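Presented below is the structure to which this report refers.
Each value in this text was obtained by applying a stated rule to the coordinates, not by laboratory testing. Everything quoted here is computed from the prediction, not taken from an experiment. Every residue, glycine among them, receives a Cβ derived from its backbone with ideal geometry; neighbour counts consider all protein chains shown.
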Amino acid sequence: MNYSFVCLFAIAVLAVLSGMVVADWLPPEVPENQVFTVDTVIDATGAVDDKSTMSWIITSPNATPTGILGEGQSIADSTFKDAILTNGGKIAENKNFDFNSQNQESGLFNIESQKVLTYASTEGAHMVGEEEYTLSVAGNYAETDDNIRCVFSDEHGGELPAFCNIVSAKSALVNVNSAQISTKGQIRAVTETEDVPAELNYQIAVTPDANSGSGFAEGAVKTVFAGSIMEARDGNDDNYDLDGTTEDGEATWNKTSVTNTWKDSTEVTGGIKTLQKAFGYQSGFSLE
């Protein structure tokens, strides 16, 4: 299956400054791992309702907390949603979903999904749909007050400061009458080594149905890519004591050092000759 995507939103990579390290460390796999695939092929004329959802939370060390994270604990929360609904018309869909909860290296992923579908309206029918990938990763080294959702601390001046990062990629189809649509998404949320980053990728391409003869896809397509990044620095520096305080005793474990939010949205309605969007995100440590 070949894809041709124009990257309209750049990869977000958090920088390393002055020997300090900021970003995500992912939890490792659990002793019992799960691997499964779901393949869907549809070639039909009539009403179609096709849905796929997944929610996956993994924490290390210890059990998933009900409140704030414990010392040295990280948590990765991943969700995937995909839905197509028609009230008639002709649809051909080929969709593959793969999940593997084992540790993944760079270039490999825990969640992968790809889809190609072609739709043509008959007797006024139309198609709606949505697809969403979300990756939320947070980690803490020291305890904090209950009213702080994301903790930023490094009690012992180690190499892994705290963080709370969430990114998402979403597309929506509204009243589509004719189109060929290709999508692909990937999430990495589990790894064994600290130098492998968290990662989320998403691509969508909308082109005309070759059999329609109009030269345009017809309908409305929306995409939203968004992220919120909160990072701390470690205390392993000449200006910090090992307990995460400065020389004058000021606490640093609950101080946010980096905030970074972004949002990219696109909406196209009417005759669509080409719509291509791609989103890539990585966040990981660069250890010096």
* Asked: How high is the FRET efficiency between Ala220 and Ser55 when r is their beta carbon distance and R₀ equals 35 Å, given to the nearest 0.05?
  -> 0.80
* What is the spin-label model distance, in nm, from Val268 to Asn96 if the labels are put 7 Å beyond Cα along the C-beta direction? -> 2.5
* Structure fact -> Cross-link reach from Lys90 to lysines, straight Cα distance under 30 Å and at least 8 residues apart if same chain, gives Lys51, Lys81, Lys115, Lys170, Lys184, Lys222, Lys273, Lys277
* Cα centroid distance between the range 25-58 and the range 62-109, in Å? -> 7
* **Alpha-carbon Rg with Dmax, taken over the range 72-134, Å** => 16.7, 59
* Asked: If each Cα of the range 27-145 is one equal point scatterer, what is log10 of I(q)/I(0) from the Debye formula at q = 0.16, 0.23 Å⁻¹?
  -> -0.83, -1.28
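Just to confirm a number: summing +1 for Lys and Arg and -1 for Asp and Glu over residues other than Val38 whose beta-carbon lies under 12 angstrom from that of Val38, what do you get? Provide the component values of the computation, followed by the final result.
Working: positive: Lys51, Lys95, Lys115; negative: Asp39, Asp50, Asp82, Asp98, Glu112.
Once all neighbours under 12 Å are counted, the net charge is -2.
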